[in-house]
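Any read-out appearing in this document is the output of simple, stated calculations on the displayed coordinates, not a laboratory observation. Note that this is a predicted model, so its numbers are computed, not measured. Neighbour counts run over all protein chains shown; Cβ positions are idealised from the backbone, glycine included.
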Amino acid sequence: MWVEKYRPMRLQDVINQKAIVERLFSLVKSPASMPHLLFAGPPGTGKTTCALVLARTILGEPWRDYTLELNASDERGINTVRERVKTFARYAAQDIDIPFRIIILDEADEMTNDAQTALRRIMEETSRFTRFNLVCNYSSGIIEPIQSRCAVFRFSRLAEKDVVSYLGLICKKEKIKHDEEALSKVFESTNGDLRHAINLLQACSIIGDVTLENVEKTAGISSKNKVAEVVNLALKGDFKEARNKLVVLTGVYGLSERDFLKYATEEVFKLALPNTDQAAEALAKFDYRLIVGAHPDIQLAALLAELGRIGKEAGFKGK
Ligand SMILES: Nc1ncnc2c1ncn2[C@@H]1O[C@H](COP(=O)(O)OP(=O)(O)OP(=O)(O)O)[C@@H](O)[C@H]1O
Ligand SMILES: [Mg+2]
């Protein structure tokens, strides 16, 4: 995946976000006085990237051992967070010369207020040896007492010229022919979200050169039709192909699991199988599992398997 391949490793490689990078550079100079941090801003603008770069820069070579990455919305509740933070803080307690351990808590704005209140306690209890780096889309989703304990960094959407020149660089490194106007089109369809832009570029490069026409074709691929295709394959019992296509949809095109379920439900009702009721129940079950935070890749694969059984019972051979 190009988004991972081209994720900056050093502060100076982060594009745009000049004021933020400058402030981070000065933090790195005297880490001992670093407060907790809160990164807020739109998707694909470098928040997680900066959090990782900062950990790497402050902690050096063994940074992975001293950095805990948690996804707040994935965890069942604040107790899981507390347990994991405690275990992490205990682990290798007396060790080499690092100023503190870092806990990156992504999607912190998805935590309930109660959980955040508990989190605030945990931050206080552990602040002697850890720093929290909270990451979220909306800082308004973070309770005031936490905000006031953090240095807040607001990320903005990336400007067209930065995105276009970054995409141009990737094309050069990947030895892919491209037109400037095609790259502008990628920007236009992704609205300053660099992750989405890079994914779109990669998807486009699979069908050929990066030309205006190919970008339009790729961007215009209707996710709905693709999901319908996956659902039909699954119902026909072709689990393997259905799963491959699903991975491309969520991984390369960045389709969210929720959108997948939404379109899958539409398709299932359209097909009107004799046992649509079973299919509806299966979809509802997996919808719920995703909400409570089960692993999306595993759950959607299991859904495809279940659709296979439902399709078999209905004798479904395809549209
Ligand atoms: N400012 C940036 N400089 C360089 N690359 C970036 C920048 N922002 C995003 N990217 C690219 O986009 C990818 C995703 O960025 P990142 O994970 O930092 O986004 P994010 O702000 O955390 O988004 P989200 O809110 O969706 O988690 C990175 O792997 C990197 O390739
Ligand atoms: Mg992120």
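Taking a ≥ b ≥ c as the square roots of the eigenvalues of the Cα gyration tensor, the range 186-319 is classed as prolate, since a/c reaches at least 1.5 and a/b is larger than b/c. For the chain, modelled as a GNM whose springs connect Cα atoms under 10 angstrom apart, the maximal fluctuation among Asn275, Asn199, Asn133 occurs at Asn275. Think of the chain as having a plus end and a minus end, set by charges on the Cβ of Lys, Arg, Asp and Glu; of Met111, Thr250, Pro62, Pro62 sits farthest toward the positive end of this dipole.
Comparing Leu37, Leu303, Leu271 in a Gaussian network model of the chain where C-alpha atoms under 10 Å apart are linked, the largest mean-square fluctuation is found at Leu271. Remark on Glu69: its backbone amide H falls under 5 Å from those of Ile104, a criterion applied only to residues 5 or more positions apart or on other chains, H modelled at 1.01 Å from N.
Between Ser127 and Asp297, what is 0.36 nm times their sequence separation minus the Cα-Cα distance? Round to one decimal in nm. Taking 0.36 nm per residue and subtracting the Cα distance, the gain is 57.7 nm.
Kirkwood hydrodynamic radius, computed over distinct alpha-carbon pairs, for the range 2-154: how many Å, to one decimal? Mind showing how you got there, number by number?
On the way: mean 1/r = 0.0637 Å⁻¹.
Result for the range 2-154 stands at 15.7 Å.
Under 1.5 on a/c is rounded, so check that first for the chain, then, if it is not, pick prolate when a/b is larger than b/c and oblate when it is not; a ≥ b ≥ c are the square roots of the alpha carbon gyration tensor eigenvalues. Could the numbers behind the result be given before it?
Working: a/c = 2.44, a/b = 1.37, b/c = 1.78.
It comes out oblate by the Cα gyration axes.
Taking 8 Å as the Cα distance limit and 6 or more residues as the minimum spacing, I'd like the relative contact order of the chain as a percentage. Mind showing how you got there, number by number?
Details: 428 pairs, mean separation 57.4, N = 319.
With pairs under 8 Å counted, the relative contact order is 18 percent.
Close amide-amide hydrogen proximity is noted between Arg101 and Thr130, Arg131, each under 5 Å apart and 5 or more residues distant or on a separate chain (H modeled in the peptide plane; Pro and chain starts excluded).
Taking a ≥ b ≥ c as the square roots of the eigenvalues of the Cα gyration tensor, an a/c ratio of 1.5 or more together with a/b larger than b/c marks the range 242-319 as prolate. In percent, rounded to a whole number, the relative contact order of the range 1-151 is 31, using alpha-carbon pairs under 8 Å and six or more apart.
For each pair in Lys262/Lys285; Lys5/Lys217; Lys236/Lys270; Lys5/Lys240; Lys226/Lys319, compute the distance between the two Cα atoms and list the pairs where it is over 18 Å.
Numbers: Lys262/Lys285 13 Å; Lys5/Lys217 24 Å; Lys236/Lys270 16 Å; Lys5/Lys240 27 Å; Lys226/Lys319 14 Å.
Result: Lys5/Lys217; Lys5/Lys240 exceed 18 Å.
For the residues Val186, Val210, Val292, a GNM of the chain with alpha-carbon springs under 10 Å puts the largest fluctuation on Val292.
Where only DSSP H runs of four or more residues are counted, the chain gives -17500 deg cm²/dmol as its mean residue ellipticity at 222 nm, each run worth -39500 (n - 2.57).
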